[in-house]
Amino acid sequence: MVSARLNGLDKPTVWSEFGDIARETGAVSLGQGFPDWKPPDFVVAQGHAALDEGVHQYTRPAGHPPLVEVLSKRYSSHLHRKIDPLKEVAITVGASQALYLTLQALIDPGDEVLLLEPCFDLYYGQIKLAGGVVRPVPLAVDVARATWTIDLDALEKAVETGRPKLLLLNSPHNPTGTAFPLEVMTGIAAIVARHPNLLVISDEVYKYTVYAEAAEHVHFAALPGMFERTVTLSSAGKTFSITGWQAGWCVGPERLIKPIQLLLPFVQFCVSAPIQHALAKALMIADDPYEGHANYYEWLKELFRSKRKLLADGLERAGIRPMVGHGGFFLMGDTSRLLVPQKYLDERTPAAPDGVTRDWALCRWLAYEAGVIAIPTSPFFSPPNKHLAANYVRFAFCKSDDTIREACDRLEALTKHHLIEGDR
Ligand SMILES: Cc1ncc(COP(=O)(O)O)c(C=O)c1O
């Protein structure tokens, strides 16, 4: 009765399972990645102003003219070339829809998409809906240094041994928090340059949250020869603490953006016009001095730097090693010092009916016995690679300082009795 396309999409997921546990237990949540504070006043004010100004009717399907104009100016500077506001930008319902439409526009059934795992779990379902096939390439983890990086040799091998149509990049990265440095991005660009049929989607939703000293966001499409091969995706949600506004966009060469623009009016006539209008204005104001900083983005970086440190220090006290991160909303914890009680390791759950992985068991234990929600990383891997997630748990720090402190105190109270001997 229902389209075969939807087969398997109705199963319980990490989000439904840990959402239910959070409701059942009232646990403190460092789970889902949305800020638990109000957006900046200047952004909310532009929301009110857009409604007062009377922006209530349809706008252009590919994007409200004032917004595509502002974005084209910004990206002309990010990508060091003139971006055409009408032909090289498409406005979407969040980055989620930007991704959906890009995959629908570029993928034919059976086409391979390279994913660097762990990766944002939405990618799997969207690739499936487009008829694509996931070809996973695990990131290389250096346990001693607590870092994640892209194994360029493994990536090139995957490109050469398969027939991938697309490479999906994400930096700053969900879930590891890595902002891949210029030399790694340049290495990827060299691989892409050697394979003329490979296209790239660069998901850059966390680009304004690069908080680590000496780290910077690299716009992949700004690298030599990469603009013509890349659709860059982003959205306003993470930058302005307005994830519910769902305003996103695609930027790229006309040949890749045109098919996305063609699809758009079949999905919705346009993205909410007042939201687009408000965002265009907010983007301009964000460049002004803000709360003692040169602009809003500098203030934001500082905010995330301090929240990340608060969480990292607290996790350290709880015997969880904070891995190196540079940007985004998440900190990856190495939990290998923790002894997970056997009863949790033996469980089967609606989302893991064949038995749980260690990371999943550990997160259930933390939720039920410490009252803290964190997210296991196995859902960010495809089935053959889920074992690589065993020691790793994702903690969100886009939460109030009180929430982060309370969560860390609760974790410490539980884990101090469950550390592998000799470590304390
Ligand atoms: C890596 C990544 N890409 C895309 C999205 C979706 O962004 P949006 O809320 O704008 O749809 C998220 C949201 O968590 C994300 O983490």
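The values are calculated or read from the model by the stated rules, or taken from the named source; none is laboratory data. Note that this is a predicted model, so its numbers are computed, not measured. Please note: Cβ atoms are built from the backbone with ideal geometry, for glycine as well, and neighbour counts cover all protein chains shown.
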Report task. Would you check which residues across the stretch 91-116 are more than 13 Å from the ligand (Cβ to nearest atom) and at negative phi and list them? Result -> GLN104, ALA105, LEU106, ILE107, ASP108, PRO109, ASP111, GLU112, VAL113, LEU114
Requested in this report: Those residues that are touching a helix residue (DSSP H, G or I) at 6+ places or on another chain (Cβ under 6 Å), in a loop (DSSP other than H, G, I, E, B) and at pLDDT 95 or above, I need them from the stretch 342-363; list them, please.
Outcome: THR357
Report task. Say whether the condition of being touching a residue at least 60 places away in the same chain (Cβ under 8 Å), part of a helix (DSSP H, G or I) and assigned by TED's automatic domain parsing to the domain that holds ALA98 is met by at least one residue in the stretch 164-182. Result -> no
Query raised in the report: Applying the selection to the stretch 281-305, what residues are without any contact (Cβ under 8 Å) to a residue 12 or more places away in the chain and either surrounded by fewer than 16 Cβ atoms within 10 Å (Cβ to Cβ) or of a type in the set (S, T, N, Q) (or both)?
Result: ASP287, ASP288, PRO289, GLU291, GLY292, HIS293, ALA294, ASN295, GLU298
Query raised in the report: Between a first residue in the stretch 227-247 that is assigned by TED's automatic domain parsing to the domain that holds TYR100 and a second residue that is among the basic types (Lys, Arg) and more than 8 Å from the ligand (Cβ to nearest atom), which pairs have beta carbons less than 7 Å apart while being 6 or more apart in sequence or on different chains?
Result: PHE227/ARG81; SER234/LYS207
Requested in this report: Could you please find all residues in the stretch 362-378 being over 21 Å from PRO322 (Cβ atoms) and not charged (D, E, K, R)?
Outcome: TYR368
Query - Which listed residue, of GLU406, GLU421, GLU369, GLU412, is part of a helix (DSSP H, G or I), under 26 Å from VAL141 (Cα atoms) and over 24 Å from the mean Cα position of the chain (by Cα) - result: GLU412
Requested in this report: Specify which of the listed residues (ILE242, ILE201, ILE188) is away from the ligand (no atom under 16 Å from the Cβ), buried (at least 23 other Cβ atoms within 10 Å of the Cβ) and among the β-branched types (Val, Ile, Thr).
Outcome: ILE188
Report summary line: Checked the stretch 109-158 for anything within 26 Å of ALA98 (Cβ to Cβ), outside any loop (DSSP other than H, G, I, E, B) and among the charged types (D, E, K, R); matches are GLU112, GLU117, LYS128, ARG135
Query raised in the report: Name the pairs: first residue in the stretch 126-148 and under 19 Å from LYS386 (Cα atoms), second residue exposed (fewer than 15 other Cβ atoms within 10 Å of the Cβ) and at pLDDT below 95, Cβ to Cβ under 6 Å, at least 6 apart or on different chains?
Result: ARG135/GLY162
